[in-house]
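Peer 1: Sharing a structure below in structure tokens format, with a few things to ask.
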């Protein structure tokens, strides 16, 4: 049986841990008024509706309805139980918790398999690293890497390794560590031979780069071919880079290289430098630019954008300077510009140069200063990109270039920026500034008309998330009034006395509200006080009730409660209840009339007259 954590220990951790500090490690929060807001980590959304309150120590998403306290958040976001969430909160706040939790609890078959596959990947990464750093087999690869500027510290930081040319070596090492052959086949590390029981390392003879998830666990590999004279003379050319195939641990669409290491600096600066490949990230890290991630050489995806969206406001695109790199930059700008979530800039590379080349040639300091002070705006990049697509020696092409750049300028919000760019275009092409401004105004009018007509943007990839989003029922007027009573009862002792005076037999019509009332009443009796809603949330084991309590507690009411307020609420509830009953009776009356049921109609008429009488009394 799992060890029960004493109540006083839980309270100590709750009191010494600020929910804002904890949530900030998972969600980028911005203060608005008294509360903090960000994008919900539990569903995809285009505008931030996730709120955290420092004063009340709770969170609530006004879109999907999720809510709770510090421990609820950790349970939801980490997929752990209550005891584990308490331990996690203690660790995050450097509070010593001298309690051993039961680690032998049953877990899902899928999670158990994932844990075993991660263990295999971690063991494989350690093996490859050992081969590179401490064996004769790894010496050529080690010499090559050091020639490229990789220090011993950098090789250790990223646990870079080398897969031996003997394709069976990795299988033997892992089987000696008692990893099952059936699991080895599912890692993606091996190519399965149908004519043999041997598993062949698909990365044999390559320099190995572990690919870690956001928690720092190795989930895949990328292998770079080791350049040799023989390879260059051969007619057979292997791919320069080889990545693990898709597995239950690894999906390129959802993966960003170095996110686990860069996230702290990304949050600190609210900025990320986005590269095309991991070699650039590692080189930038070595140059002390430690907020870089890479999308593994593939085009930026919606999933990766949503990961960034929860962490940073600004994205610096630092892609290769060749034609493919510029095209990738343009596509990334299109995706990142969706709903203007990010402040986007571009650090330009010279043609034929990549960020690693830039650092090697110009040095770490020049690279850092360039990222800081010499970035392009989207408009400047589009101008440079378009010049590579259009021959400006032709008068027709010059007109086309100007028209396309003016259409790009429509997207620039800053009036000052627009004025600067217009002046540049007028000067570069020796054209009247007034003419350009007139043409720009026409494009702006067309743009505004199209914006009014077009439907709200929704990514096709978000449709599944939208469908699976919990359906939120609209609150009735009666529900809203009942929640106002609960809010007062949560925070004001006198509200209990006023309610007992005004309506001693009061009960909530909404079943969930009545359940919350009973539970909070028992909690109040136990602690001999009101308030402490974040503490009360620990007692709730029903997620829906937790969400309701969190939402109620987010509502701001007047600081003071009065007997008149409680009396007015009870009168309003009584009136709404009678209205609802009258509506039902009227519907029944119509049904009785259609069925020619005179006796039923007569009874219902008497009920309706009585209800109308009570309504008139309730209005007074």
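The values are calculated or read from the model by the stated rules, or taken from the named source; none is laboratory data. The structure presented is a predicted model; accordingly, all values stated were derived computationally and were not measured. Ideal geometry is used to build each Cβ from the backbone, glycine not excepted, and the neighbour counts take in all protein chains shown.
Peer 1: What's the number of the condition residue 429 fails, among (1) modelled with pLDDT under 85; (2) over 43 Å from the mean Cα position of the chain (by Cα)?
Peer 2: Only one criterion in (1) modelled with pLDDT under 85; (2) over 43 Å from the mean Cα position of the chain (by Cα) is unmet by residue 429, namely (1).
Peer 1: Separate question: Quick one: is residue 111 at pLDDT below 95, part of a helix (DSSP H, G or I) and more than 30 Å from residue 16 (Cβ to Cβ)?
Peer 2: It is true that residue 111 is at pLDDT below 95, part of a helix (DSSP H, G or I) and more than 30 Å from residue 16 (Cβ to Cβ).
Peer 1: Right, something else. Residues that are surrounded by 21 or more Cβ atoms within 10 Å (Cβ to Cβ) and modelled with pLDDT of 90 or more: list the helices (runs of 4 or more DSSP H) wholly contained in the range 1-83 that include at least 2 such residues.
Peer 2: Qualifying helices (runs of 4 or more DSSP H): 19-23, 70-78.
Peer 1: Among the numbered criteria (1) in a helix (DSSP H, G or I); (2) under 30 Å from residue 287 (Cβ atoms); (3) in contact (Cβ under 8 Å) with a residue 40 or more places away in the chain, which single criterion is violated by residue 143?
Peer 2: Result: residue 143 fails condition (3) only.
Peer 1: Could you grab me the full set of residues in the range 22-60 that are closer than 22 Å to residue 91 by Cα and free of Cβ contacts under 8 Å to residues at least 40 places away in the same chain?
Peer 2: 29, 52, 54
Peer 1: Within the range 381-408, work out how many residues are within 31 Å of the chain's Cα centre (by Cα) and without any contact (Cβ under 8 Å) to a residue 40 or more places away in the chain.
Peer 2: Final tally of qualifying residues: 1.
Peer 1: Same structure, new question: Pairs only if they're at least six apart or on different chains, beta carbon under 8 angstrom, first in the range 431-445 and under 16 Å from residue 410 (Cβ atoms), second loosely packed, with under 15 Cβ neighbours inside 10 Å and at pLDDT 85 or above; list them, first residue then second.
Peer 2: Filtered contacts from the range 431-445: 439/403.
Peer 1: Please go through the range 553-566 and pick out each residue that is within 25 Å of the chain's Cα centre (by Cα) and surrounded by 21 or more Cβ atoms within 10 Å (Cβ to Cβ).
Peer 2: Correct list: 553 only.
Peer 1: Quick check: anything in the range 84-106 at negative phi, assigned to a loop (DSSP other than H, G, I, E, B) and within 24 Å of the chain's Cα centre (by Cα)? Spell out how you get there, then give the answer.
Peer 2: If we filter the range 84-106 for residues that are at negative phi, which is where we start, we get 84-93, 95-106.
Applying the additional criterion that residues be assigned to a loop (DSSP other than H, G, I, E, B) yields 93, 95-106.
After this cut, where a residue has to be within 24 Å of the chain's Cα centre (by Cα) as well, the list is 93.
Yes, the range 84-106 has at least one match.
Peer 1: Turning to a different aspect of this structure: Take residue 120 and tell me if it is closer than 30 Å to residue 189 by Cα and not in a helix (DSSP H, G or I).
Peer 2: No.
Peer 1: Please determine, by comparing only the residues of the range 481-536 that are outside any helix (DSSP H, G or I) and in contact (Cβ under 8 Å) with a residue 40 or more places away in the chain, which one is farthest from the chain's Cα centre (by Cα).
Peer 2: Checked the range 481-536; the qualifying residue farthest from the chain's Cα centre (by Cα) is 503.
Peer 1: Still on this model: Among what's in the range 432-447 and is modelled with pLDDT of 85 or more and either touching a helix residue (DSSP H, G or I) at 6+ places or on another chain (Cβ under 6 Å) or assigned by TED's automatic domain parsing to the domain that holds residue 341 (or both), pick the residue that is surrounded by the fewest Cβ atoms within 10 Å (Cβ to Cβ).
Peer 2: 433
Peer 1: Among the residues of the range 463-483 satisfying the criterion of being crowded, with 17+ Cβ neighbours inside 10 Å and in contact with a helix residue (DSSP H, G or I) (Cβ under 7 Å, 6 or more places away or on another chain), which is modelled with the lowest pLDDT?
Peer 2: For the range 463-483, the residue satisfying everything is 478.
Peer 1: Is it true that some residue in the range 160-172 is closer than 17 Å to residue 283 by Cα and at pLDDT 95 or above? Working first, answer last.
Peer 2: Filtering the range 160-172 for residues closer than 17 Å to residue 283 by Cα gives 160-161.
After this cut, where a residue has to be at pLDDT 95 or above as well, the list is 160-161.
Yes, some residue in the range 160-172 is closer than 17 Å to residue 283 by Cα and at pLDDT 95 or above.
Peer 1: For the range 316-345, give me the residue count where each residue is surrounded by 21 or more Cβ atoms within 10 Å (Cβ to Cβ) and on the phi > 0 side of the Ramachandran plot.
Peer 2: Qualifying residue count for the region: 0.
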